[in-house]
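**Q** Have a look at this one.
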Amino acid sequence: MIQEFKEFISRGNVMDLAVGVIIGAAFTAIVKSLVNNLINPLIGVFLGQIDFSSLVLKVGNATFKYGSFINSVINFLIIAFVVFLLVKMINKIMPKKEDVEADPIPTAEEKYLSEIVSLLKQQANSIINPNRN
């Protein structure tokens, strides 16, 4: 069981995922700061203060803070849009990698195999048509 766990943890995919989560958390902090300190105040200039947290619904002793939920949805949409713009910008800056090379260079093994195939075809033709050589 311990050996299996060690193999699972040492796989490249798990390490890549861990790095992705850590970088994602750091990036989330940057994006939240961007939204809270730059984007929301800018929107507030045009639309007034964006704060629905005071909206509540009381049913008996229960208090439903649906205004906080609306704030969270608005923040999510703003963050998603900012991330979309950042990804678009990064895609323009970063050079695109070609998915498939136009003419891949054959390896030595592939060259030898193609020569073997040619020789076998020649031998097969000479056996089937001995007078054609």
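**Q** So if R0 is 35 Å, what FRET efficiency would LEU85 and THR63 give, r being the distance between their Cβ atoms, rounded to the nearest 0.05? Please report the intermediate quantities before stating the final value.
**A** Values: r = 37 Å, r/R0 = 1.05.
After rounding, the FRET efficiency stands at 0.45.
**Q** Along the charge dipole of the chain, Cβ charges K/R +1 and D/E -1, which of ILE127, GLY48, ILE2 sits furthest on the positive end?
**A** Going by the charge dipole, the pick is GLY48.
**Q** Nearest 20 debye, what's the magnitude of the dipole of the chain about its Cα centre given +1 on Lys and Arg Cβ and -1 on Asp and Glu Cβ?
**A** Values: 12 positive and 11 negative charges, 107 e Å.
For this selection, approximately 520 debye.
**Q** Could you please state how large a percent of the accessible area of the chain is carbon and sulfur, counting protein chains only and using a 1.4 Å probe? Don't skip to the end; give the middle numbers.
**A** Numbers: 7870 of 12030 Å².
Ligands and nucleic acids excluded, carbon and sulfur reach 65 percent.
**Q** May I ask you to list the lysines whose Cα is less than 30 Å away from that of LYS121, ignoring any residue fewer than eight positions away on the same chain?
**A** LYS111
**Q** Also, I was wondering about something else. Pairs of alpha-carbon atoms within less than 8 angstrom and 6+ residues apart define the contacts here; what relative contact order does the chain have, in percent? Before the final figure, lay out the partial values.
**A** Numbers: 47 pairs, mean separation 17.5, N = 133.
Relative contact order comes out at 13 percent.
**Q** Next question, about the same structure. For the chain, what is the mean residue ellipticity at 222 nm derived from helices alone (per DSSP H run of n ≥ 4: -39500 (n - 2.57); sum divided by total residues; nearest 500 deg cm²/dmol)?
**A** Counting only the DSSP helices, I get -22500 deg cm²/dmol.
**Q** Of the listed values (i) 63, 29, 19; (ii) 44, 34, 27; (iii) 101, 49, 28, identify the label whose number matches Cα extents along the principal axes in Å calculated from this model.
**A** So the calculated entry is the one marked (iii).
**Q** Follow-up. So what is the accessible area of the chain per residue, in Å², with the probe set to 1.4 Å? Can you show the working numbers first?
**A** Details: 12030 Å² over 133 residues.
Result: 90 Å² per residue.
**Q** Zone of ASN71 (label point 7 Å along Cα→Cβ, backbone N under 13 Å): which residues in the stretch 23-37?
**A** It comes to 36, nothing else.
The values are calculated or read from the model by the stated rules, or taken from the named source; none is laboratory data. Computed from a predicted model, the values in this text were never measured in an experiment. Note that we place each Cβ from the backbone using ideal geometry, even for glycine, and neighbour counts take in every protein chain shown. Surface areas here come from the heavy atoms of the whole protein model, side chains and all, with no ligands, DNA or RNA. Shrake-Rupley method; radii C 1.70, N 1.55, O 1.52, S 1.80 Å.
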